[in-house]
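Here's the structure we're looking at; comments come further down.
Read-outs: derived from the displayed coordinates by stated rules, not from any lab. Worth saying up front: this structure is predicted, and the values here are computed from it rather than measured. Glycine gets a Cβ as well: all are built from the backbone with ideal geometry, and neighbour counts include every protein chain shown.
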Amino acid sequence: MRRPIITILTDFGTKDHYVASMKGVILGIDPRCHLVDISHEVSPHDIEEGAFILLNVYSCFPKGTIHLAVVDPGVGGPRKPLLIATENYFFIGADNGLFSFVLRKEKVKQTIALTNERYFLPSLTSTFHGRDLFAPVAGHLSLGVEPKAFGKAVDKWKTLRFRDPVENRGKLTGEVFHVDAFGNLISNIGEKQLSRFAENYPIVVKAGHATVHGLRKGYWEGKKGEAIALIGSGGFLELSIREGNASRRLRVEKGDPVEVISVRP
């Protein structure tokens, strides 16, 4: 029998005890679990960044994986703790929009508001639901407890708006949606939309003070220190500096505009 897989995504960092506490709780319930760290370096309280990172990784895991994600600035407040079962995966976390982007791709089968305290730690604090509530639910779920046992079914959850690029007068305007650890500027312009817009004509990409002509196949095609545009591994248009930091060099940050022009005769 395959070991259950639980991934963990947080904004906790690794300096403190928080992540290890969650893992300890899970393993105390189900020692068979294979725990995988997605990231603990989500910018503090940045739900949208957490949602984007999860979008890019969740489907790499086998069917049945439990994705435990805690970016929860409203911990202890009125937001609901949720367990969402889709056709392929389980998602556990706060109802604050963190699962918005993955649920655009996944078909939801069941959504449960976590209310059954039998599956929480005995002392539920108001500041650490990651350890006291979400981790034990993940552990019990990995043992085969049915989702409906954890609480009441709900049919609504909070969503973040994915800001779609806008086409106007021969320009496609999006924005920097994520800056990764290398300083690459990942936009919200998807490969399919870019292809439809360009129609096989050459393109020019602009962001900050950079103007980049055409797309490269990979980072290796750029000269060291050169700004290049390419389709990244997540399927989005990105700007990069070969062996450099595009965000710092181009002075472009998350939320700044990215403009694409299709050069036609």
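Couple of notes before you dig in:
- Three-way shape call for the range 5-153 based on the alpha-carbon gyration tensor, with the a/c threshold at 1.5: rounded
- In this structure, the pairs whose alpha-carbon distance is over 22 Å, taken from K171/K223; K23/K156; K63/K148, are K171/K223; K23/K156.
- By the count of other C-beta atoms within 10 Å, a proxy for reagent exposure, S100, S43, S233 are ordered fewest to most as S233, S43, S100.
- Centroid-to-centroid separation of the range 1-36 and the range 65-109 [C-alpha atoms, Å]: 17 Å
- Annotation: peptides 5-13, 179-187, 166-174, 132-140, ranked by per-residue average of other Cβ atoms within 10 Å with the highest first, follow the order 132-140, 5-13, 179-187, 166-174.
- Of (1) 1.12; (2) 1.07; (3) 0.97, the label for Cα Rg over 2.2 N^0.38 Å derived from the coordinates: (1)
- Which of L124, V205, I8, positive extreme of dipole for the chain (C-beta unit charges): V205
- Using θ = phi - 60° and Karplus 6.51 cos²θ - 1.76 cosθ + 1.60, couplings along the range 166-178 (whole Hz; Gly, Pro as x): 10, 9, 7, 6, x, 10, 10, 10, x, 8, 6, 9, 7
- Entry note, the chain: relative contact order of 15 percent, from Cα contacts under 8 Å with a spacing of 6+ residues.
- For the range 106-169, the mean projected area of the C-alpha convex hull, equal to one quarter of the hull surface, is 6.9 nm².
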